[in-house]
Amino acid sequence: MKFLVIVQDLRVSGTSEGIVSRSFLAKLRIAYPDSIIDVVYLKQYASEDRLDLLPVNSINEYVLDLKTPFFVKFINRVYWRLFHVSLKERYIHKQYAKVIAKIDYTIYDHVFIRSSGINHETILAAYNLPILRKANVIFHDPYPLAWYVGSKSSLSNLELFRLKRMIEVAAQAKTCSSSAQYMSHDLQHLYASKKKFYTLAHQFEASVFDLSDKSQMLNKTKKVSISYHGALMFGRNAENLLLAYESLIKENSIYEEQTEFILRLKGDGIKKLKERFKNISNIQILDIINFSNSSNEQIHESDIVIILENGPLYCNILVGKAPFLAAYGKPILCISPEKSELRKIITDERCIANIHDVKEIKDKLKILVDNRMVSNEKFQPFGDYFSDINFKKQLDKILSS
């Protein structure tokens with residue numbers, strides 16, 4: 001069997017799509033060990049991405065020149081206001097399309113087009129290209145941004161015209177899928193699709209990453225170390241989590257003496273958090289570190305790892321951290337809205353708490369901390385959802401459609 005995979009991000013710097021795209025290729029090889037896997041990698045700038053670690057037959061890299069010409073920018077100043085279409089966006093899509101249009105897709109049994117970030121350039125670039133009729137399109141995030149749960153983007157006419165173009169792309173594609181059951185459901189209806197949107201969960205495979213760099217790791221100083229590594233965006237609420245931890249250590253000196261909470265953050269609201277909890281010595285709010293150091297810190301130094309889902313009311317995406325933590329059997333506490341993707345997946349009630357309920361968060365933290373005080377049992381909060389067998393089962397449904 002011959003596969004072609006068109007990707008936009010294979011970076012090892014810790015980007016969400018970079019991690020899951022690399023892992024997708026590794027899991028595709030595990031699922032079909034004797035297959036031919038060719039990759040077309042469309043990049044916005046030159047980077048060193050350790051492509052040698054990927055178990056594929058070939059990778060063709062293209063660094064695209066996406067600098068928009070002055071005349072396009074000039075005309076666009078008026079054009080998008082009149083016609084609600086961005087000429088700048090269309091110019092960028094054409095740069096991707098020039099490469100995709102030259103691919104001889106007919107020699108492949110299956111074609112995958114993966115999106116990255118919130119702009120979905122690779123998917124939109126395939127609009128009206130013959131390859132799209134053979135392509136299995138994989139959405140990393142909802143599009144356009146106004147439909148991203150937790151986004152503050154307004155629903156403008158420009159967004160509606162973006163939606164119209166994506167509806168046309170989805171109709172032309174052979175199949176469409178996303179990483180989350182809720183997102184697949186939502187996008188199928190949002191794009192007025194007459195075809196089923198499938199679910200192909202994010203994966204993590206350590207073999208396609210170089211995790212040898214441990215130079216910035218922070219060694220734990222307490223018996224039980226709790227950690228969160230990630231971004232504060234799209235309604236992720238770290239304040240209630242820290243309020244719960246603050247209450248826990250104040251009610252019992254044992255927790256103050258034997259636990260610590262390490263947060264490595266990027267995004268909005270960090271300054272406010274630092275100010276609010278500056279007098280709690282058990283809490284350290286630090287800068288993010290590279291993927292190797294961050295991974296090693298969570299694998300080897302963290303006893304309990306936090307997942308923050310988007311909010312405040314609904315999370316229809318699957319966070320990339322979930323399969324990573326599943327691979328190492330770590331105790332996790334997922335802070336989630338009442339309706340979320342991980343609430344459908346997590347089978348261990350100790351591992352999930354309501355984003356709005358400080359008391360529940362504190363109670364679940366206490367349960368996990370007490371467990372770590374006396375035990376090193378493996379946790380499997382996701383069951384076999386991220387197993388190789390389940391991945392192939394999900395993938396086979398897409399390929400046989």
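The values are calculated or read from the model by the stated rules, or taken from the named source; none is laboratory data. Just so you know, these numbers come straight off a predicted model, no measurement behind them. Neighbour counts are summed over all protein chains in view; Cβ atoms, including those assigned to glycine, are modelled from backbone coordinates with ideal geometry.
Looking across the stretch 246-286, the residues that are in contact with a helix residue (DSSP H, G or I) (Cβ under 9 Å, 6 or more places away or on another chain) and assigned to a strand (DSSP E or B) come down to T259, F261, I262, L263, R264, L265, I283, I285. Every condition in (1) surrounded by fewer than 19 Cβ atoms within 10 Å (Cβ to Cβ); (2) outside the structural domain of L155 (by TED's automatic domain parsing); (3) at pLDDT below 95 holds for L243 except the one numbered (3). Give the stretch 161-188 a look and list any residue that's over 11 Å from F139 (Cβ atoms), touching a helix residue (DSSP H, G or I) at 6+ places or on another chain (Cβ under 9 Å) and not β-branched (V, I, T), or say none. Selection gives F161, R162, L163, R165, Q172, K174, Q181, Y182. Within the stretch 147-160, residues that are in the same structural domain as N119 (by TED's automatic domain parsing) and at positive phi sit with their Cβ atoms under 9 Å from residues that are of a type in the set (K, R) and surrounded by 12 or more Cβ atoms within 10 Å (Cβ to Cβ), at 6+ positions apart or across chains, in these pairs: G150/R236.
Checking the stretch 307-319 against the condition returns a match, with at least one residue being among the hydrophobic types (A, V, I, L, M, F, W, C), surrounded by fewer than 23 Cβ atoms within 10 Å (Cβ to Cβ) and in a strand (DSSP E or B). Looking at A231, is it touching a Lys or Arg at 6+ places or on another chain (Cβ under 8 Å), under 16 Å from G320 (Cα atoms), among the aliphatic types (A, V, I, L, M) and assigned by TED's automatic domain parsing to the domain that holds I355? Spelling it out, A231 is indeed touching a Lys or Arg at 6+ places or on another chain (Cβ under 8 Å), under 16 Å from G320 (Cα atoms), among the aliphatic types (A, V, I, L, M) and assigned by TED's automatic domain parsing to the domain that holds I355.
Taking the numbered list (1) within 25 Å of the chain's Cα centre (by Cα); (2) surrounded by 20 or more Cβ atoms within 10 Å (Cβ to Cβ) in turn, L248 passes all entries but (1). Restrict the check to the stretch 160-183 and report whether at least one residue is buried (at least 18 other Cβ atoms within 10 Å of the Cβ), hydrophobic (A, V, I, L, M, F, W, C) and within 16 Å of the chain's Cα centre (by Cα). Taking every residue of the stretch 160-183 in turn, at least one turns out to be buried (at least 18 other Cβ atoms within 10 Å of the Cβ), hydrophobic (A, V, I, L, M, F, W, C) and within 16 Å of the chain's Cα centre (by Cα). Within the stretch 320-346, being in a loop (DSSP other than H, G, I, E, B), of a type in the set (D, E, K, R) and over 18 Å from E239 (Cα atoms) holds for one residue alone: K330.
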